[in-house]
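The values are calculated or read from the model by the stated rules, or taken from the named source; none is laboratory data. Small disclaimer: the values here were computed from a predicted structure and weren't measured. Cβ placement follows ideal geometry from the backbone for every residue including glycine, while neighbour counts extend to all protein chains displayed. Surface accessibility is based on the protein's heavy atoms, side chains included, excluding ligands, DNA and RNA. Shrake-Rupley method; radii C 1.70, N 1.55, O 1.52, S 1.80 Å.
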Amino acid sequence: MIEPHAPAPPGDTQPWDRPGGEAESPLRLPVRQDTGRFLVLAGVFVCAACGLVYELELVALATYLMGDSVAQTSVVLSVMVFAMGIGSLAAKRLRRHAAAGFGAVEAVLALVGGCSAMALYAVFAWTGDWGGVWAHGPRTLLVAFSLATGLLIGAEVPLLMELIQRIRRQDAGGAVADLSAADYVGALVGGLAFPFLLLPLLGQLTGALITGAVNAVVGGALVLGLFRRDLTRRARRLLVAGNVCVLVVLGSAAVLVDDFERAARHAMYGPDVRVALHTDVQEVLLTGGRDGRPLNLFLDGRLRVSGRDELRYHEALVHPAMNGPHARVLVLGGGDGLAVREVLRHTGARRVDVVELDAGVVRLARRDPALSALNAGALDDPRVRVTTADAFDWLRGAPPAAYDVVVSDLPHPGITASTKLYSQEFYGLARRVLAPGGRLVVHGGAVEHRTRDFWTVDSTVRAAGFHTTAYRVRGRQAGYAAGPDRSPPGAARTHRDWGFVLAATRPPPDQPSLDPSGPRPRTLTDASLAADARAAEETRVRGLPASTLIHPRYTG
């Protein structure tokens, strides 16, 4: 029994008063008041940690599946915060049955939050025709899960406020401070646990399922253990049955998650997935590469290399830039070794430095038989040195005038993580490491599909003090082609060309050309490059401002 309180001052309402003036007796707790308050605050801590994991999980998976992390993060956060406000208002109706209401909210939240990642991945994998009727399916489901999760998280605090006040009455400000402290500390732990514990050890799907199970166990234990006397026998049975069902669903999903991932991958990439691994940076998949089937390399769901068409891309990227001094070459990105392969075809290349963010891709390029055969073992050539680093950070510490050629083989600038690598500041650093008369070549994305972005790249390179020449090369495939900005599998909108910006510290020729004393590319000629430059110039968008770190101009 809790100790009786002094009579309330006139006009003051006891926190356990029912609406309409029907008084409710103080709760009878199985533990001391101080222990009860501690257990409630511990429950707040765990529930807050789980809630933030759900939020981060939605952001991470949406960014992986749909790209453009700024847009996906904005959608998830804004919808969830809005829904939390609505949930808080809706929870006022449950205050009379705060214990039962909180138990039900936590059970539903555990089910929704725990299954959200798997549901999003399933919709994306099996309805991935973004140009058809399901074009907005993943985005619609993302908003739906964000809304539902926010509503349930928002309903927690008013109910917990009611329960903690009914244990021992205190001023509202003090109760809010206690709950907020536990909530914020829990959010901190959840926010740190997701990227450093759950994601690397369990992965996105299993991590969400385990978080849901923890949420269900803690929420159910708190209500059934501490507030069971506040529930009717029927309510206790329903709450137990509901939590058991939630745990069975989550547990079954966790057991089947590996089979589910394999089936989803086959739906997205076809049945020929040969390698699937999560590195410290991204998800890496290889398909084909044996029995005469072309090799495909996917990074975070985007086709990076297509064995059918990669030669056209990499020859167009490298060979025009090698027309001139090229003893010292820097390749930014290119961990697959294919751009390096083309550089090494020029016998005058004496040293090639590769700066790649993902060491896992480099290992795969060296060890996988099909990929290493495709790159001709370029990364093991004695002239090649590979450094694992962020290209921007590495350039800041690189020696000046150290290279004759810089090859920028990086993902599309509209991908948020790559935007800084297409900024005026980045190209200024690249200019600093070039020797007088040195050349920089930049993959600028698809000219037809992202015309404005491509010419923004050109404007940004010019703003860094370069003279530029633009050209594009078409892919031969009917479907999507290789390159860092390819769409996810199943995408109806295919990008069939690649745009390049060739830049020099001194005015280059009017059009790109090949080194007359160098190797003869199999897919390029001087005539085709001239035609490609004219075709690109016809699409020029004039007057575009440069993209900078603090004012990115790319559309995503």
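Convert 20 °C to kelvin, take the viscosity as 1.002 mPa s, use the Kirkwood radius over C-alpha pairs of segment 417-471 as Rh, and evaluate the Stokes-Einstein diffusion coefficient in µm²/s, rounded to a whole number. List each step's numbers first, then the result.
Numbers: Rh = 11.6 Å.
Translational D for this selection: 184 µm²/s.
How many percent of the accessible area of the chain is carbon or sulfur, using a 1.4 Å probe? The C+S portion of the solvent-accessible surface of the chain is 59 percent. Measuring nothing but alpha carbons in segment 355-403 and taking Rh as the Kirkwood radius, the Rg to Rh ratio lands at 1.05.
Can you compute log10 of I(q)/I(0) for segment 289-354 with the Debye formula, treating each Cα as one identical point scatterer, at q = 0.25, 0.27 Å⁻¹? Taken in order of the listed q values, log10 I(q)/I(0) reads -1.10, -1.20. Length available on full extension from Ala221 to Asp515: 0.36 nm per residue minus the Cα-Cα distance, which gives 98.5 nm.
The simple Förster model, with R0 at 45 Å and r as the Cβ-Cβ distance, assigns Ala359 and Ala181 a FRET efficiency of 0.65.
Sorted on the mean count of surrounding Cβ atoms within 10 Å across their residues, most packed first, peptides 532-544, 363-375 read 363-375, 532-544.
Once the Cβ-Cβ distance of Ala373 and Gln170 is raised to the sixth power relative to R0 = 51 Å, the FRET efficiency obtained is 0.10.
Expressed as a rounded percentage, what relative contact order does the chain have, with Cα pairs under 8 Å and six or more residues apart? Contact order relative to length: 14 percent.
Each principal axis of the Cα cloud of segment 260-377 was taken in turn, and the coordinate range along them, longest first, works out to 52, 31, 21 Å. Dividing the summed helix terms, -39500 (n - 2.57) for each DSSP H run of n ≥ 4, by the number of residues in the chain produces a 222 nm estimate of -17000 deg cm²/dmol to the nearest 500.
Between Thr523 and Arg28, take the C-beta separation as r, use R0 = 60 Å, and let me know the FRET efficiency to the nearest 0.05. Before the final figure, lay out the partial values.
On the way: r = 82 Å, r/R0 = 1.36.
Efficiency at R0 = 60 Å is approximately 0.15.
Counting heavy atoms of the protein chains alone, Trp394 has an accessible area of about 60 Å² for a 1.4 Å probe.
Can you give the Rg to Rh ratio for the chain, taking only C-alpha atoms and Rh from Kirkwood? Provide the component values of the computation, followed by the final result.
Details: Rg = 29.1 Å, Rh = 26.4 Å.
So for the chain, dividing Rg by the Kirkwood Rh gives 1.10.
Over the C-alpha atoms of segment 65-110, the Rg to Rh ratio, Rh being the Kirkwood estimate, stands at 1.17. The gain in end-to-end length when the Arg93 to Arg351 segment is fully stretched comes to 85.7 nm, 0.36 nm per residue minus the alpha carbon separation. For His326, the solvent-accessible surface with a 1.4 Å probe is about 30 Å², rounded to the nearest 10.
Model label sites at Asp259 and Trp126, defined 7 Å from Cα along the beta-carbon direction, differ in position by 1.4 nm.
Rounded to the nearest 20 Debye, what is the dipole magnitude of the chain about its Cα centre when Lys and Arg each give +1 and Asp and Glu each give -1 at the C-beta? Don't jump to the answer; show the numbers that get you there.
Details: 58 positive and 52 negative charges, 66 e Å.
With Lys and Arg at +1 and Asp and Glu at -1, about 320 debye.
Neighbours of Val157, meaning other residues whose beta-carbon lies under 14 angstrom from its beta-carbon, give a summed charge of -3 when Lys and Arg score +1 and Asp and Glu score -1.
Report the far tail of the P(r) of segment 214-296, meaning the percent of Cα-Cα pairs longer than 23 Å. The proportion of pairs with Cα distances above 23 Å equals 51 percent.
In order along segment 255-271, the Karplus-derived 3J(HN,Hα) couplings, from 6.51 cos²θ - 1.76 cosθ + 1.60 at θ = phi - 60°, round to 5, 8, 5, 5, 5, 4, 4, 5, 5, 5, 4, 5, 5, 7, 10, x, x Hz, and Gly and Pro are given as x. Ligands, DNA and RNA aside, Tyr313 has an accessible area near 0 Å² when probed at 1.4 Å.
Would you mind giving the average projected area, over all directions, of the Cα convex hull of segment 110-247 in nm² with one decimal? Don't jump to the answer; show the numbers that get you there.
On the way: hull surface 42.0 nm².
It is 10.5 nm².
Placing pseudo-labels 7 Å out from each Cα toward the beta carbon at Thr140 and Leu77 gives an inter-label distance of 2.7 nm.
Probe of 1.4 angstrom, ligands and nucleic acids ignored: what's the accessible area per residue over the chain, in square angstrom? Numbers along the way, then the final one.
Values: 23750 Å² over 556 residues.
Accessible area per residue, the chain: 43 Å².
Cα-based radius of gyration for segment 287-443, normalised by 2.2 N^0.38 Å, reads 0.99.
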